[in-house]
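A short write-up of the structure that comes next.
The values are calculated or read from the model by the stated rules, or taken from the named source; none is laboratory data. The structure displayed is predicted, hence computed values, not measured ones. All Cβ positions, glycine included, derive from the backbone under ideal geometry; neighbour counts span all protein chains shown. Keep in mind that these areas ignore ligands, DNA and RNA; they rest on the heavy atoms of the full protein, side chains included. Shrake-Rupley method; radii C 1.70, N 1.55, O 1.52, S 1.80 Å.
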Amino acid sequence: MAKHKEVDGNAEEDEKAEGVQKSYHAAPSKPTNSKPPPLISAASGAMSGSLISACVQPLDVLRTKMQGDAAKGIHKSSVRTVTDIIKANGVRGMWQGTGPSVLRVGLGAGLHFVLLEQLKGLLTTRDAEGKQQLSASGAALSGGLSRAVAAMALCPLTVIKTRMEYTTSDHRRQRYRNTLDAFLTINRVEGPKGLFKGLLPTVLTNAPFSALYYMFYSGLKDKLSSQERPQAVVNFSSGVMAAMAATVLTQPADVVRTRMQLGLSGAAASMSSLETLAAVTKTQGPAALLTGFAPRVLKRTAQTALVWTLYEELVPGLSKAFSFVAAAMAFQQQQKQLPSKPLEHPDAEGKKLAQEKDGSQNSSKRDSASSQNRT
């Protein structure tokens, strides 16, 4: 009876272990939630932002140089500006300021996507059929607020990036060895306020851009999505069209930001954003607000569309990897809680069978001898 209970107990343990193992292997294939964990959003945003920002950095250098020169009354074409930068600093000059740019976009994208996913969860509603939907105003609000927070937090890196980009061909300006040297120098010479110069136009450049972009992006993606079109193509096409529209509407704020952060003519240290805007239009006309528009459109469109496309591709992959690791850790924890069985030597079973055989043989011999003695 006891032996029968022991067999049943072992069977139950084996079934429990088998069930845990099945759940362990099945866990990664379960569909993930519509809102990814903050860690997944941060990692996907940081990876996509850092990679793409380094690729499009020459367009940022060109835009900053054109806007800075225009503040001095120097107007050159994009081709002429690129030629001057390469003559002064070589091809490497086109990647000046890449360090702070990668940090700014990588950290900013990570923070932006984390906040965006949280705000989307709060603003998403369900329709009559029970499907989740995000209205155009909800998309604009979540995109704008998340980018505004990221822009304010990373304004010092924006200032450093802008100044390092503009020193590519202007040897009369303060030059910085690296990002840390720029941070320490600006803080020492201008104080902490210098690291947040142009904060308002920085927010006005980024927050409305992201609000408009995400509103356009969400609407276009919903309309273009279908079974026949690859999702990556839909994401990229939606991103390109949304970025172009949002860039056009935020161009004036970008010109004001550049002039204030560089401290160039028409943007004295005591001037506010509105005063700088008025000075630009008064001295150079409204057309000055479109300076550097071409490289900015190319850069913003390519960067934003590629970052969002890569982000949309990374989130499912990282979510599956995260689920697999979590399931593996849970499986190991459950395995530890199961009753442990003593480990046996590979030859132990064979020795045990041999001993049982010898015992049965000896028993038979004893039975045979006792029967002979009786006779």
Index of the failed condition, residue 176 passing every other in (1) part of a helix (DSSP H, G or I); (2) of a type in the set (Phe, Trp, Tyr); (3) surrounded by fewer than 22 Cβ atoms within 10 Å (Cβ to Cβ): (1)
Residue selected from region 153-173 under the condition at pLDDT 70 or above and among the basic types (Lys, Arg), by the criterion surrounded by the most Cβ atoms within 10 Å (Cβ to Cβ): 161
Count of region 307-341 residues which are open to solvent by 70 Å² or more (accessible area, probe 1.4 Å), in a helix (DSSP H, G or I) and either of a type outside the set (A, V, I, L, M, F, W, C) or in contact (Cβ under 8 Å) with a residue 60 or more places away in the chain (or both): 10
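Residues are listed down the side, and each one gets a yes or a no for (1) open to solvent by less than 20 Å² (accessible area, probe 1.4 Å); (2) out of contact with any helix residue (DSSP H, G or I) (no Cβ under 7 Å at 6 or more places or on another chain); (3) among the small types (Gly, Ala, Ser); (4) at negative phi:
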{"residue": "191", "(1), (2), (3), (4)": "yes, yes, yes, no"}
{"residue": "208", "(1), (2), (3), (4)": "no, no, no, yes"}
{"residue": "225", "(1), (2), (3), (4)": "no, no, yes, yes"}
{"residue": "228", "(1), (2), (3), (4)": "no, yes, no, yes"}
{"residue": "248", "(1), (2), (3), (4)": "no, yes, no, yes"}
{"residue": "258", "(1), (2), (3), (4)": "yes, no, no, yes"}
{"residue": "287", "(1), (2), (3), (4)": "no, yes, yes, yes"}
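Here is a check on your reading of the model: is residue 294 in contact with a Ser or Thr (Cβ under 7 Å, 6 or more places away or on another chain) and at pLDDT 80 or above?
Values: in contact with a Ser or Thr (Cβ under 7 Å, 6 or more places away or on another chain): yes; at pLDDT 80 or above: yes.
When the stated conditions are applied, residue 294 passes them.
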Residues being assigned to a helix (DSSP H, G or I), over 21 Å from residue 308 (Cα atoms) and basic (Lys, Arg) - total across region 128-161: 1
Filter result for the condition that a residue is modelled with pLDDT of 90 or more and in a helix (DSSP H, G or I), over 184, 122: 184
Residue pairs meeting the criteria (Cβ under 7 Å; at least 6 apart or on separate chains; first touching a residue at least 40 places away in the same chain (Cβ under 8 Å), in region 174-194; second of a type outside the set (Val, Ile, Thr) and part of a loop (DSSP other than H, G, I, E, B)): 182/176
